[in-house]
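Data first, discussion second: the structure below is written as structure tokens.
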Amino acid sequence: MKIIDFFFINDPSCFFSISLILFFVISFPKKSKNDRIFLMRRYYMQNIGFIGVGVMGQSMVRNLHNAGYTVTIYTRTKSKVEDLLKSGIIWKDTVKECVQNQDVIMTMVGYPQDVEEVYYGENGILENVPKGTLLIDFTTSAPALAQKIYTSANEKGLLSLDAPVSGGDIGAKNATLSIMVGGDEDAFEKAKPLFHILGKTIHYTGDAGMGQHTKMANQIVIAGTIAGVAEAIHYAHTAKLNTETMMQCISSGAAGSWQLEHNGQAMIDQDFNPGFYIKHFIKDMKIAQKEMDSYETHLNILDKVLEMYENLHEDENGTQALIHYYEKV
């Protein structure tokens, strides 16, 4: 009896796996071993359930769909995703329905309490996905919650990654997000084909929760940077500078940054549409503040910028609306 016949008779799934390996070797002879592994991983994770389709989630879902994945979505307001549904993306009415029979579950919701709600309970993710499912939470959330989800997932034979992103609506649309990932490294390797559809800068940061800790460091940098941008523009207005000329002068020098280029220009243009909501940035800063409280220390700039945003009372505007703080003082 031929070896391949033995596998087919005794284990058809093994025969399928061997056939798939031969297919990739024959079909892509010029690709490296790593490239073929990358393609095989993608094949095995074809069906994606995506929960939380907001400003950034819509672009992420569209990029996954355009890359050939079968994407099923759930979000609280169906009317906001009609364009996605017209393009062939599948809608489900509940979290439970959305996550059943999927290879990968992705979440991108607003707050830590939202994350806990969609993952736990009889209708949540953890109770309704098959063993071996890969769970990826893109929400900026609490490191301790990421660790809790990882432990719960591990007990059920699931893979869990915390993978907060940075880059805003522009990065999500252009698939240039920075993705910082915590969890088991083998799960990270399995998820890489998906991350490369969504982002440009992909990093494994360590154990569960470390992706969230890395995102906190990112948000702390942004807090100081966007306040500096707002102060510079307020200074320019006060000194009666030509703000467009000022921007051209400083954006290409040492002061240059994403915040200056994008949010600085939005401040000048009086465009306060949210690429990133103030309410979500306040949430992020409070998570970072709580983490520092646990170490019995404080970050003065973070604390001050958080206070400034809370005093604005403009939660539905984009973070560039911080310029209004300076107009009021």
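The values are calculated or read from the model by the stated rules, or taken from the named source; none is laboratory data. On a predicted model such as this, the values are computed, not experimentally measured, just so you know. Using ideal geometry, Cβ is built from the backbone for each residue, glycine included, and neighbour counts are taken over all protein chains shown. Keep in mind that these areas ignore ligands, DNA and RNA; they rest on the heavy atoms of the full protein, side chains included. Shrake-Rupley method; radii C 1.70, N 1.55, O 1.52, S 1.80 Å.
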Notebook entry, point to check: Can you give the net charge of the other residues whose Cβ lies under 10 Å from the Cβ of Ala223, counting K and R as +1 and D and E as -1?
Noted result: -1
Next item on the list: For Arg76 and Gln270, compute 0.36 nm times the residue count separating them, minus their Cα-Cα distance, and round to one decimal in nm.
Entry: 66.8 nm
Item checked: Over the range 112-250: Rg over Rh, Cα atoms, Kirkwood Rh -> 1.14
Checklist line | Counting DSSP beta bridges with both ends in the range 121-263, the antiparallel % (nearest 5) | finding: 30
Notebook entry, point to check: On a 0 to 90 degree scale, rounded to 10, what angle separates helix 278-294 from the longest Cα axis of the chain?
Noted result: 80
Margin query: If you roll a 1.4 angstrom probe over the protein chains with everything in place, what fraction of the accessible area of the chain belongs to carbon and sulfur, to the nearest %?
Written below: 53
Margin query: Let me check I've understood the local charge: for Gly121, count other residues with C-beta under 10 angstrom from its C-beta, Lys and Arg +1, Asp and Glu -1. What total comes out?
Written below: -3
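Let's test the formula: R0 of 35 Å, r as the Cβ-Cβ distance of Lys240 and Tyr295. What FRET efficiency results, to the nearest 0.05?
0.20
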Check: For Val329 and Lys279 in one chain, what is 0.36 nm times their gap in residues minus the Cα-Cα distance, to one decimal in nm?
Finding: 15.9 nm
Next item on the list: Provide the FRET efficiency to the nearest 0.05 for the Cys249-Asn311 pair, computing r from the beta carbons and using R0 = 35 Å.
Entry: 0.70
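Per residue of the chain, what 222 nm ellipticity follows from adding -39500 (n - 2.57) for every DSSP H run with n ≥ 4, rounded to the nearest 500?
Details: 16 runs with 179 residues, N = 329.
The helix-only estimate for the chain comes to -16500 deg cm²/dmol at 222 nm.
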Note to self: Among the listed pairs Lys286/Lys328; Lys86/Lys200; Lys283/Lys304; Lys131/Lys190; Lys80/Lys173, which have their C-alpha atoms separated by more than 19 angstrom in this model?
What the structure shows: Lys286/Lys328; Lys86/Lys200
Check: Relative to the longest principal Cα axis of the chain, at what angle does helix 210-238 sit, 0 to 90 degrees, rounded to 10?
Finding: 30
Next item on the list: Give me the accessible area per residue for the chain, probe 1.4 Å, as a whole number in Å².
Entry: 50
